[in-house]
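Undergrad: Sharing a structure here in C-alpha cells format.
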Amino acid sequence: MCHACQHQIERRGPRVLAGVGIVTVERGIFLAGDESVGQALKDKTTGIAVVGFGYIGTVIGAVLADRGWRVTGIDVRPGVVEEINAGTTSVREPDLDALVASTVAAGRLSATTDFSAVADNDIVIVTVGTPLGPDFEPIVDDIESAAKNVAAHLRPGHLIVLKSTVPPETTETLVRPILENSGLVAGRDFGLAFCPERLAEGHAIRDLISIPVVVGGIDERSARAAATLWEHALGVEAVVVEDARTAEMTKLADNLWIDLNVALANELAMICDRLGMDALQVIDAANTLPKVNYNVNILMPSMGVGGYCLTKDPWFVQHLGEGLGLSLATPRTSRTVNDTMPAYTFGLVQRLLADQGKALPDSKVAVLGIAFKNNTGDCRLTPTKHTVALFEQSGCRLTVHDPWVTAGEALTVTQVPLTPDMEDAVEDADAVVFLTGHRQFHEFPLARLADLTAESCILLDGRNSFVPADVRAAGFVYKGIGR
Ligand SMILES: NC(=O)c1ccc[n+]([C@@H]2O[C@H](COP(=O)([O-])OP(=O)(O)OC[C@H]3O[C@@H](n4cnc5c(N)ncnc54)[C@H](O)[C@@H]3O)[C@@H](O)[C@H]2O)c1
C-alpha cells in the first residue's frame, strides 16, 4: 500500500484508449490520470528502459523482464550490450544467469548502446555508477552524462526514476535542470523521482522483490506515479517520503547505519577475542533486548566490509557534513574500524601458526573466497584484497580459490593465479583461510577437508559461517572473528 497516495488526482492528462482487454496510454504514462497510470502499469502496456546495465541494472532489468515487462538495457559499454543480447551476463549473482537467458530468449530483455531507445519506453530507470573521488567526494559524472543522453530523447509523458546512490539534492539540482534543457518541464510534462536501490548482493533478486521501495518525487504526482510503478512492477510496498532529497538521504542513512553497526560488532569481536569469549553468543543474547519498537540488533563481525556501497556511502555522508561545516565522527569511525579488519584477520592466522611453532614463510596458506560477499563474484573494493596482500608479503606458500570469481576479476585482487580446484588449493595447507562463506565451501565435507590439509590445520572462519564444534570435531584448530 502506498503511503502517499492522497488521491488528489490531476485528471488533465491525455485520453486513455481502451484496447482489447487492456488500457493503452496515448502520450506517455506520466500524462495519464492516476487511475490510468495504475491500469497501464498493471497491464504492462509500456516498456522500461534501464540506463546503466551494470550490477544493479542487470538485476532490475532481468527481474522486470521476468515479471512480463519489455525491458531495454542501455549501457555505454558495448561488451555488456553484446553479452546481454547473447543471453548472458558476467554479473555473478545467484540465479541471475538463468533469468537473463530466459528473458532474452523470450524476447522481453534486450540491450543497446543507442539512447534513442529512451523514446520508445515511457519509463526510464537510471542505475549508472557513482564512485568515490580521491577526496572522498561522490563522482556524479556518469549521472550527468546519462541525464544528458536521456534528455536528448525525452518526450511528454516519460517517468524518469533515478536509482543510483547520490548525495542529497542531486535529483533536483543536477538531474532536473539537465532534463529540463529539453524544453519539457518536470512535474508537468514528465515525472521525476528518486528511488534508492536497497538490494544486497548475494541475494539481490530476493531483496528486489521483497524490500519496500523508498520514493521521493520532485512533486507529488511524480511520487505517486513512481510508487504505482513499484507496486505493480515488483509487488512491493512504496514508502513515499517528502521529496527526492529525503529519499537520497534515506539511502545514505541506511548504509551509514549498517557500516557503523558492523564496526560495533567488529570492535566487540576484538574484545571478545582478547577475553577468549564467543562474540556471537554475546551478540545473540544482547539482541534479545527490546528497545522502543524493535530489539537491539547488532550485526555480525567479519574479516571486513567491502563492495560498492558500504565502502563509499559513509564517506558521502562525511563529505556532505564537511560541506555543511560539520565534522562528523560516525562515518569516519565506521570506515576506519572496518578497514582495520583485513589486517586483524591476517594477524589472527599469523598468531595461531606461531602458537604451533610455525612461521608464515614455512607454511602453506590456502585462501578460500576473495569476492567481497558470500555467493557473489563481485571483487569491487573487496576487503579480501588487503588480507591476501599481507599473505603475499609474508612469504608463505599461498593458494587462492574462489568458485564465483573469474580469472580476470581475480587479477584485480591478487597476482596469484586462482587455483580452479578446491582440493588442489587446500592440499597440505597449514591454514585454510575462509574469507567468504560461499555455499560451495559449506557443501565441501569437513572430513574431506581435514584429510587433504596438514595435521592440526588452522581453519580461519572470516565470515563466522561455520559451526565451531563441527570444525573442531573434524580435527581443525578453529578460529572465527570474535570466537
Ligand atoms: N552494487 C550494489 O550492491 C548496489 C546496491 C545499492 C545501490 N547501488 C548503487 O547503484 C548504482 C549502480 O551500482 P552498480 O553496482 O550497478 O554499478 P556498476 O558499475 O556495476 O554499473 C554501472 C553501469 O553504468 C554504466 N554507465 C556508466 N555511465 C553511463 C552512461 N552515461 N550511460 C549509460 N550507462 C552508463 C556502466 O558502463 C556500468 O555498466 C551506484 O550508484 C551504486 O552506489 C549499488
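The values are calculated or read from the model by the stated rules, or taken from the named source; none is laboratory data. If you're wondering where the values come from, they're calculated on a predicted model, not measured in any experiment. A quick note on method: Cβ atoms are made from the backbone with ideal geometry, for glycine too, and the neighbour counts reach across all protein chains shown. Heads up: the accessible areas ignore ligands, DNA and RNA and are worked out on the full protein's heavy atoms, side chains in. Shrake-Rupley method; radii C 1.70, N 1.55, O 1.52, S 1.80 Å.
Undergrad: Okay, helix-only estimate at 222 nm for the chain: each DSSP H run of n ≥ 4 adds -39500 (n - 2.57), divide by all residues, round to 500 deg cm²/dmol; what do you get?
TA: On the way: 19 runs with 189 residues, N = 483.
Value at 222 nm, helices only: -11500 deg cm²/dmol.
Undergrad: Would you mind getting the accessible area per residue of region 367-483, heavy atoms of the protein chains only, 1.4 Å probe, in Å²? Let's see the in-between values first.
TA: Numbers: 4560 Å² over 117 residues.
On a per-residue basis, 39 Å².
Undergrad: Using the heavy atoms of the protein chains and a 1.4 angstrom probe, tell me the accessible area per residue for region 144-201 in square angstrom.
TA: Per residue, region 144-201 has 31 Å² of solvent-accessible surface.
Undergrad: Here's a follow-up. So for region 114-196, averaging the separation of alpha carbon pairs under 8 Å that are six or more residues apart and normalising by length, what relative contact order in percent results? Each step should come with its number before you reach the end.
TA: On the way: 124 pairs, mean separation 28.1, N = 83.
About 34 percent, as a whole number.
Undergrad: Under the rule a/c < 1.5 gives rounded, and otherwise a/b versus b/c splits prolate from oblate, where does region 194-350 land using the Cα gyration tensor?
TA: prolate
Undergrad: A follow-up question, please. Given a 1.4 Å probe and every protein chain left where it sits, what share in percent of the accessible area of region 262-420 is carbon and sulfur? Provide the component values of the computation, followed by the final result.
TA: Values: 4460 of 7380 Å².
Result for region 262-420: 60 percent of the exposed heavy-atom area is carbon or sulfur.
Undergrad: Between R188 and E35, how high is the FRET efficiency from 1/(1 + (r/R0)^6) when r is the Cβ-Cβ distance and R₀ = 25 Å? Nearest 0.05. Don't skip to the end; give the middle numbers.
TA: On the way: r = 19 Å, r/R0 = 0.77.
Efficiency for this residue pair is about 0.80.
Undergrad: Related question: Of all accessible surface on region 68-226 at a 1.4 Å probe, what whole percent is carbon and sulfur?
TA: Working: 3020 of 5790 Å².
Carbon and sulfur atoms account for 52 percent of the accessible area of region 68-226.
Undergrad: Under 5 Å between amide H atoms, partner at least 5 residues away or on a different chain: which partners does V477 have, H built in plane at 1.01 Å?
TA: Amide H to amide H, under 5 Å and 5 or more residues apart or across chains, V477 pairs with C457, I458, L459.
Undergrad: Under 5 Å between amide hydrogens, which residues at least 5 positions from V239 or on another chain qualify, with H placed 1.01 Å from N in the peptide plane?
TA: V213, V214, V215
Undergrad: Each residue of region 116-132 in turn: what ³J(HN,Hα) in whole Hz from Karplus with 6.51, -1.76, 1.60 and θ = phi - 60°, glycine and Pro shown as x?
TA: Karplus values, whole Hz, x for Gly and Pro: 5, 4, 4, 5, 8, 10, 5, 10, 10, 10, 9, 9, 6, x, 9, x, 9.
Undergrad: What distance in nm lies between label points placed 7 Å from Cα along the C-beta direction at I271 and W257?
TA: The answer from the label model is 2.3 nm.
Undergrad: Report the Cα centroid-to-centroid distance between region 28-101 and region 319-395 in angstrom, as an integer.
TA: If we compute the Cα centre of each part, the gap is 36 Å.
Undergrad: Now, a different point. Just want to confirm a number: the relative contact order over the chain, from Cα pairs under 8 angstrom separated by 6+ residues, in percent. If you can, show how the numbers build up before the last one.
TA: Working: 1038 pairs, mean separation 55.3, N = 483.
Relative contact order here is 11 percent.
Undergrad: Could you give the length gained by full extension between Q415 and R351, i.e. 0.36 nm per residue of separation minus their alpha carbon distance, to one decimal place? Present the calculation step by step, with values, prior to reporting the outcome.
TA: Details: separation 64, 0.36 × 64 = 23.04 nm, distance 2.51 nm.
Separation in residues times 0.36 nm, less the Cα-Cα distance, equals 20.5 nm.
Undergrad: Also: Any idea how far apart D470 and A105 come out in nm if each label point goes 7 Å out from Cα toward Cβ?
TA: 3.4 nm
Undergrad: Give a residue-ordered list of calculated ³J(HN,Hα) values for region 470-483 (Karplus: 6.51 cos²θ - 1.76 cosθ + 1.60, θ = phi - 60°; whole Hz; x for Gly, Pro).
TA: 5, 5, 5, 4, 7, x, 8, 8, 8, 8, x, 8, x, 8
Undergrad: Sticking with this structure for a sec: Hey, what D do you get for the chain in µm²/s if you plug the Kirkwood alpha-carbon radius into Stokes-Einstein at 4 °C and 1.567 mPa s?
TA: Values: Rh = 24.1 Å.
It comes out at roughly 54 µm²/s.
Undergrad: Just to verify a number: FRET efficiency for Y294 and L324, C-beta to C-beta distance, R0 = 30 Å, to 0.05?
TA: Numbers: r = 29 Å, r/R0 = 0.98.
Efficiency, rounded to the nearest 0.05: 0.55.
Undergrad: While we're looking at this one, here's another question. Peptides 40-48, 58-66: what's the order by average Cβ count within 10 Å, highest mean first?
TA: On the way: 40-48: 19.8, 58-66: 26.3.
The most tightly packed comes first, giving 58-66, 40-48.
Undergrad: Which percent of the Cα-Cα distances in region 120-250 go past 22 Å?
TA: Values: 2773 of 8515 pairs.
The answer is 33 percent, as a whole percent.
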